[in-house]
Amino acid sequence: MKIIEKYSHLNGEEYLIVHHRKVYTEIIDVIQSVDADKLRTKVSEEKTMEGKLLYNPGELNREFKRLFKERNWKDVRYSYYVTTDYSIMQELITLPLEEQKELLIEKGVDSPIHSYKQTDFVKENIAIEVQFGKYAFVAYDLFVKHLLFYSGGVINVGIEILPMKSMQSEMSTGIAYYEGEVYNVLRHGRNNPPVPLLIIGIAP
């Protein structure tokens, strides 16, 4: 596959070039190693393109997972406790998990709520999400998951890999695409979400 476009948010790409050039080259190599044409195996059942062979999101995800795992990218789970009190939250996110629970109990919370988020590919404080899913999944990645891992000190930059519109049009309806998601980020303003990101648009 080819990288068609890139959007660097809060100097996400610049950070990679300066601090993680070798890993960044590795990410590019993984993308270029995927042969999407071999994964055009999904037979459409949609009326507008019934019987047409489409790119298969499941097989694309499995191929990316295989290639990243070969290069020792690992899945990471970030656990935390939940609060709706903003002043407590500011203190909470800086603490280890067990100390978070202790703080909430000290503040009078009888049953602290434990939660977690997981991302598939993390290496050297860089998180990657390869997204061939629905629009809502990408918004969740960009505005919730990457931000949570960043504020929790797990990562320094998040990367989102998305199909370009030209590729998305050869997939099932409802799949998110690069141009649309970059537009959504731009609409939120230059500093939102407050986490360095690199959004990569790919196509065969």
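The values are calculated or read from the model by the stated rules, or taken from the named source; none is laboratory data. All of these numbers come straight from a predicted model, not from anything done at the bench. Counting neighbours? That spans all protein chains shown, and the Cβs are built from the backbone with ideal geometry, glycine included.
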Which numbered condition trips up ASP120, out of (1) touching a residue at least 60 places away in the same chain (Cβ under 8 Å); (2) out of contact with any Gly (no Cβ under 7 Å at 6 or more places or on another chain); (3) under 20 Å from ARG77 (Cβ atoms)?
(1)
Tally time: how many residues in segment 160-187 are part of a loop (DSSP other than H, G, I, E, B), more than 15 Å from the chain's Cα centre (by Cα) and surrounded by 13 or more Cβ atoms within 10 Å (Cβ to Cβ)?
5
Extreme residue, surrounded by the most Cβ atoms within 10 Å (Cβ to Cβ), among residues of segment 113-159 that are small (Gly, Ala, Ser) and more than 27 Å from HIS19 (Cα to Cα):
GLY133
Are there helices (runs of 4 or more DSSP H) fully within segment 56-149 with at least 1 residues that are in contact with a strand residue (DSSP E or B) (Cβ under 6 Å, 6 or more places away or on another chain)? List them.
57-70, 97-106
Given (1) at pLDDT below 95; (2) among the basic types (Lys, Arg); (3) surrounded by 12 or more Cβ atoms within 10 Å (Cβ to Cβ), where does LYS65 come up short, assuming only one miss?
(1)
Near pairs, Cβ below 8 angstrom, 6+ apart or cross-chain, from segment 152-165 (without any contact (Cβ under 8 Å) to a residue 40 or more places away in the chain) to any residue that is assigned to a loop (DSSP other than H, G, I, E, B) and buried (at least 18 other Cβ atoms within 10 Å of the Cβ):
LYS165/TYR177
